[in-house]
Amino acid sequence: MRGYLGTALTTAAALVLSTSLVKAADVEVLHWWTSGGEAAALNVLKDDLAGKGTGWADMPVAGGGGEAAMTTLRARVTAGNPPTAVQMLGFDIQDWAKESALADLTETAKAEGWDKVVPAALQAFSTYDGKWVAAPVNVHSTNWVWISKSALDAAGGKAPETWEELVAVLDAMKANGITPLAHGGQAWQEATMFDAVVLSLGADFYKAAMIDLDPAALGGEKMVEAFNRMATLRSYVDDNFSGRDWNLASAMVINGEAGMQMMGDWAKGEFLKAGKVPGVDFVCIRFPGTQGMVTFNSDQFAMFKQTDAGMQDAQVQMAKAIMDPAFQSAFNVVKGSVPARTDVPDTAFDDCGKKGIKDLAEANTNGTLFGSMAHGHAAPAAIKNALYDVVTAHFNGEYDAATAATELAAAVEAAK
Ligand code: BGC
């Protein structure tokens, strides 16, 4: 009798114990956040999920812009083994949704009122066929310049506001014996700079060329001018730029070797990780001539369809965690981006972050907010890749500006 009761109690105790130890399924997260600043931001997400009982299996695939990550993803899906959650940009989300590969998050989105707080420009990518298929974690933008404060002071101290002023500052930095422009020679980095250069020739021009893919804009005089500007910028880059990762280019500005970097605001994450302070150690400006305009990209997490109920639940928990306002503040303060929700206060953000939030809201109101071509928010991957090829070939001296514009129009037309 005693023995029986003892056994029963032990079993009950074991049951309680095992229930409290049952761990929710781990989410396997495919992403390309591998630099120091990116990893710091990723940890904010990992820790948040851990606090809510959702485990994390890491699947990093290095490479800014996510090209390599998307190749790995395709292979995993083809092999019948998709990751649970995937960092994804703009048109890629739409492409996977079209293939019916993504889990439907609509129920969660409705219960949590996502449609009221996520700007329409983002919802255009987070939803497909009226259903929510991704949770946006941030908004980055690509038309930024990150300038070393001491290098700028030595070059006259005034942040450039026009193309001519920019060239003058670059010249002064060259005369001061540093590399004026820190750049990593990878197609996506050149395309990122190209976003800003095209935008600097006018909002209408950016829209006509990059969003509407108008052949006259892609191959016309203004595009020749854009390529001329790219060639001018190329002349301020050091000899060892080829293949350099973007975060190593950021490091050149951080350690005083170079004057500035033209890069999306994920670069700010590197400055912060290195303990640098905006306004004191570095200055953030919009690419000269693009003040009041924003080319954006939003990192979203898409969930691949799963059959296991525990896994489905973990996906919902992750999506909810991502959309939590407090999380969006904590994460984006570290990442360099701004919240994907419009109801997150800017109080925790530094001056560059506050400017980013304000610029985004204003551009949205003024009709000067456009998807970034370089980061998958202007056109589908096939067109983006066609553009990458021409921009990078020109940057590496294969085409002159006029030929590049002609090639650009032809390549985009062929990829349509
Ligand atoms: C992503 C950023 C990332 C950057 C560099 C962009 O495409 O949106 O989150 O930091 O690539 O890796």
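The values are calculated or read from the model by the stated rules, or taken from the named source; none is laboratory data. It should be emphasised that the depicted structure is a prediction, and the values quoted were computed from it without experimental measurement. FYI the Cβ positions are ideal-geometry reconstructions off the backbone, even for glycines, and counts take in every protein chain you see. Remember, those area values only see protein heavy atoms, side chains included, never the ligands or the DNA or RNA. Shrake-Rupley method; radii C 1.70, N 1.55, O 1.52, S 1.80 Å.
See the values below:
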| quantity | calculated |
| --- | --- |
| Residues of the range 235-260 that turn out to be under 13 Å from Pro180 (Cβ atoms) and surrounded by 16 or more Cβ atoms within 10 Å (Cβ to Cβ), as a count | 10 |
| Matching residues in the range 180-209 - criterion: being within 16 Å of the ligand (Cβ to nearest atom), hydrophobic (A, V, I, L, M, F, W, C) and open to solvent by less than 20 Å² (accessible area, probe 1.4 Å) | Ala182, Trp188, Ala191, Met193, Phe194, Ala196 |
| Pairs with Cβ under 9 Å, 6+ apart, first in the range 251-275 and without any contact (Cβ under 8 Å) to a residue 12 or more places away in the chain, second hydrophobic (A, V, I, L, M, F, W, C) and assigned to a helix (DSSP H, G or I) | none |
| Of all residues in the range 33-72 being polar (S, T, N, Q) and within 18 Å of Ala321 (Cα to Cα), the one that is most open to solvent (accessible area, probe 1.4 Å) | Asn43 |
| Tally, over the range 24-43, of residues that are within 13 Å of the ligand (Cβ to nearest atom) and touching a residue at least 60 places away in the same chain (Cβ under 8 Å) | 6 |
| Looking only at the range 21-32, and only at residues there that are open to solvent by 10 Å² or more (accessible area, probe 1.4 Å) and under 24 Å from Lys305 (Cβ atoms), the one that is modelled with the lowest pLDDT | Val22 |
| Leading residue by the ranking (farthest from the chain's Cα centre (by Cα)) among those in the range 274-291 that are of a type in the set (Val, Ile, Thr) and not in a strand (DSSP E or B) | Val280 |
| Within the range 210-234, tally of residues that are more than 24 Å from Leu170 (Cα to Cα) and open to solvent by 10 Å² or more (accessible area, probe 1.4 Å) | 10 |
| Elements of type helices (runs of 4 or more DSSP H) contained in the range 298-416, each with 2 or more residues being modelled with pLDDT of 95 or more and hydroxyl-bearing (Ser, Thr, Tyr) | 381-395, 401-415 |
| Sole exception among (1) in contact with a Phe, Trp or Tyr (Cβ under 6 Å, 6 or more places away or on another chain); (2) aliphatic (A, V, I, L, M); (3) crowded, with 20+ Cβ neighbours inside 10 Å for Ala363, by number | (1) |
| Odd one out for Trp144, checked against (1) within 21 Å of Ala25 (Cα to Cα); (2) buried (at least 24 other Cβ atoms within 10 Å of the Cβ) | (1) |
| Odd one out for Pro83, checked against (1) open to solvent by 20 Å² or more (accessible area, probe 1.4 Å); (2) at negative phi; (3) not in a helix (DSSP H, G or I) | (1) |
| Subset of the range 314-364 (residues that are within 15 Å of Trp144 (Cα to Cα), of a type in the set (A, V, I, L, M, F, W, C), in contact (Cβ under 8 Å) with a residue 24 or more places away in the chain and more than 16 Å from the ligand (Cβ to nearest atom)) | Ala363 |
| Residue within the range 263-275 that is of a type outside the set (A, V, I, L, M), surrounded by fewer than 20 Cβ atoms within 10 Å (Cβ to Cβ) and farther than 28 Å from Ala404 by Cα present | yes |
| Hits in the range 370-384 - residues which are surrounded by 15 or more Cβ atoms within 10 Å (Cβ to Cβ) and either more than 16 Å from the ligand (Cβ to nearest atom) or of a type outside the set (A, V, I, L, M) (or both) | Phe370, Gly371, Ser372, His375, Gly376, His377, Pro380, Ile383, Lys384 |
| Long-range neighbours under 9 Å by Cβ, at least six apart or interchain, first residue under 15 Å from Gly259 (Cβ atoms) within the range 172-198, second acidic (Asp, Glu) and in a helix (DSSP H, G or I) | Pro180/Asp171; His183/Glu190 |
| Residue within the range 300-313 that is open to solvent by less than 10 Å² (accessible area, probe 1.4 Å) and more than 16 Å from the ligand (Cβ to nearest atom) present | yes |
| Odd one out for Met88 among (1) open to solvent by less than 20 Å² (accessible area, probe 1.4 Å); (2) free of Cβ contacts under 8 Å to residues at least 60 places away in the same chain; (3) within 16 Å of the ligand (Cβ to nearest atom) | (2) |
